[in-house]
Amino acid sequence: FSFRKLWAFTGPGFLMSIAYLDPGNIESDLQSGAVAGFKLLWVLMLATIIGLLLQRLAARLGVVTGLHLAEVCNRQYQKVPRIILWLMVELAIIGSDMQEVIGSAIAINLLSVGKVPLWGGVLITIADTFVFLFLDKYGLRKLEAFFGFLITIMALTFGYEYITVKPDQEKLLQGLFIPYCQNCGTAQLEQAVGIVGAVIMPHNMYLHSALVKSRQVNRANKREVREANKYFFIESCIALFVSFIINIFVVTVFAEAFFAKTNADVNAVCVNTSSPHSSLFPNNNQTLEVDIYKGGVVLGCYFGPAALYIWAIGILAAGQSSTMTGTYSGQFVMEGFLNLRWSRFARVLLTRSIAITPTLLVAIFQDVEHLTGMNDFLNVLMSLQLPFALIPVLTFTSLPGVMHDFANGL
């Protein structure tokens with residue numbers, strides 16, 4: 001084992017792990033905590049472990065064959081299934097992009113104390129295109145460093161909320177290691193399914209299989225291929241462990257502070273702190289429902305304005321980083337399935353326009369609850385798209401004709 005070699009292979013796994021920290025994930029985390037307390041932490045852990053195994057297979061495919069998943073699909077499938085797969089993955093990418101636009105717009109609105117309306121925040125996210133293209137010019141290694149910086153921001157901001165709230169550590173450990181949900185009903189079951197859809201992103205398998213190609217590996221040398229697989233797997237373990245800890249921060253903060261709270265409880269606290277957002281919570285005994293926007297407001301009411309702004313910074317970092325990984329995924333998928341080589345500018349402009357249009361309409365004509373409600377629908381969409389990524393990954397990595405001596409044997 002060599003730390004120098006691990007450092008050389010470090011990068012693709014952290015880019016891939018961003019999909020485990022996008023605004024859709026954060027929304028799922030906070031709702032899980034608020035609806036089920038600590039009881040669904042084991043679902044989050046199992047989903048992350050399954051995600052790690054699938055990412056390992058995707059990375060292995062890229063390392064061994066020198067082709068990413070979309071390219072292998074293009075070679076192995078007939079025209080009709082190939083086009084269906086491409087359309088499904090594009091749908092997943094656009095859905096993911098919409099979540100990132102929603103998260104960024106809400107974060108900008110919170111940071112500006114409502115001075116920038118939601119539709120204004122949606123329009124500002126167009127600037128992501130130019131940020132991505134600017135960074136892309138400086139090479140992949142610089143981009144990987146920038147992603148590392150954004151992940152650090154998320155760890156610090158959500159870690160701050162965790163230290164401020166001080167969740168019960170005994171309940172945390174019980175939730176992680178006891179796969180049981182006492183007194184759970186439909187709402188908790190829906191959250192459990194939502195966690196799986198939010199964590200395991202279909203297009204992420206295509207992304208990871210392509211990113212590992214950025215490292216030079218002599219595929220004629222089995223020892224080098226085996227070594228590359230080992231270091232990429234170690235890096236993926238580290239990256240997904242970091243993302244898992246950040247997700248735990250969010251779930252446990254809302255489980256400790258807001259599980260089983262009513263609207264009246266929160267309204268009273270917000271009125272006492274003279275929060276301008278107290279009208280968001282009607283003075284009734286209905287169970288508190290939170291989303292990315294309300295989550296920030298509630299944190300501000302209970303733990304001061306600093307908690308609100310730090311939450312918004314974390315959400316903004318999540319939105320910005322996952323926007324760029326979605327763009328990379330779209331590039332690889334289009335090139336692999338269709339052999340179309342568009343410029344990154346054209347590709348980013350197309351997917352961002354498709355994602356922004358419905359989001360902008362909801363932001364203009366509806367309220368923030370409808371905007372954040374779209375996140376739940378999009379998490380369900382991700383769950384429905386999963387088979388279209390899982391079947392090719394599991395199939396190709398088990399075929400000796402594709403993987404040679406590195407087939408997984410399943």
Heavy-atom accessible area of W86, protein chains in place, probe 1.4 angstrom, given in Å² to nearest 10, is 50 Å²
Given H placed on each backbone N at 1.01 Å, which residues far from T262 in sequence or on other chains put an amide H within less than 5 Å of it? L288
Could you point to the label whose value was computed as Cα Rg over 2.2 N^0.38 Å for the structure here, given (1) 0.97; (2) 1.54; (3) 1.14? (1)
Could you sort out which of K39/K166; K142/K222; K79/K213; K79/K222; K115/K261; K5/K222 sit more than 21 Å apart by Cα distance in this structure? K142/K222; K79/K213; K79/K222; K115/K261
Mind checking the dipole of the stretch 198-309: about its Cα centre, +1 per Lys or Arg Cβ, -1 per Asp or Glu Cβ, Debye to the nearest 20? 800 debye
Cβ-based net charge around G148, under 13 Å, with every Lys or Arg adding one and every Asp or Glu removing one: 0
Modelling each spin label as a point 7 Å along the Cα-to-Cβ direction, I'd like the T273/A187 distance in nm, to one decimal. 2.2 nm
Note to self: with every protein chain in place and a 1.4 Å probe, the stretch 130-222 gives an accessible area per residue in Å² of 53 Å²
Once phi for every residue in the stretch 269-281 is put through the Karplus expression 6.51 cos²θ - 1.76 cosθ + 1.60 (θ = phi - 60°), the whole-Hz ³J(HN,Hα) values, with Gly and Pro written as x, are 5, 5, 5, 5, 8, 6, 5, x, 9, 4, 5, 5, 10
Please sort by residue number the trypsin sites (Lys or Arg not before Pro) in the stretch 192-251 whose DSSP state is loop and whose Cβ has at most 14 other Cβ atoms within 10 Å. R219
At a 1.4 Å probe, what is the % contribution of carbon and sulfur to the accessible area of the chain? 65 percent
Restrict the search to the stretch 284-359; then list the trypsin sites (Lys or Arg not before Pro) that DSSP places in a loop and that have at most 12 other Cβ atoms within 10 Å of their Cβ. R341
Using the crude model of +1 on Lys and Arg Cβ and -1 on Asp and Glu Cβ, and no other charge, please compute the dipole size for the chain relative to its Cα centre, in debye to 20. 1700 debye
Compute the long axis of helix 186-199 from its Cα atoms, compare it with the longest principal axis of the Cα atoms of the chain, and write down the angle in degrees, 0 to 90, nearest 10. 40 degrees
If you stretched the chain out fully between V113 and S398, how much longer would it get, using 0.36 nm times the residue separation minus the C-alpha to C-alpha distance? 97.3 nm
Only helices counted: for the chain, with every DSSP H run of 4 or more residues adding -39500 (n - 2.57) and the sum spread over all residues, [θ] at 222 nm is -25500 deg cm²/dmol
Helix 305-338: angle to the longest alpha-carbon principal axis of the chain, degrees 0 to 90, nearest 10? 30 degrees
Which whole-number percentage describes the relative contact order of the chain, with Cα contacts under 8 Å and a sequence gap of 6 or more? 39 percent
Low-density loop positions, trypsin sites (Lys or Arg not before Pro), the stretch 89-174 - DSSP coil, at most 13 other Cβ in 10 Å: K115, K137
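The values are calculated or read from the model by the stated rules, or taken from the named source; none is laboratory data. It should be emphasised that the depicted structure is a prediction, and the values quoted were computed from it without experimental measurement. When we count neighbours, we look across all protein chains shown, and the Cβ atoms used for this are built from the backbone with ideal geometry, even at glycine. When the accessible area is computed, the model is the full protein with side chains, heavy atoms only, and any ligands, DNA or RNA have been set aside. Shrake-Rupley method; radii C 1.70, N 1.55, O 1.52, S 1.80 Å.
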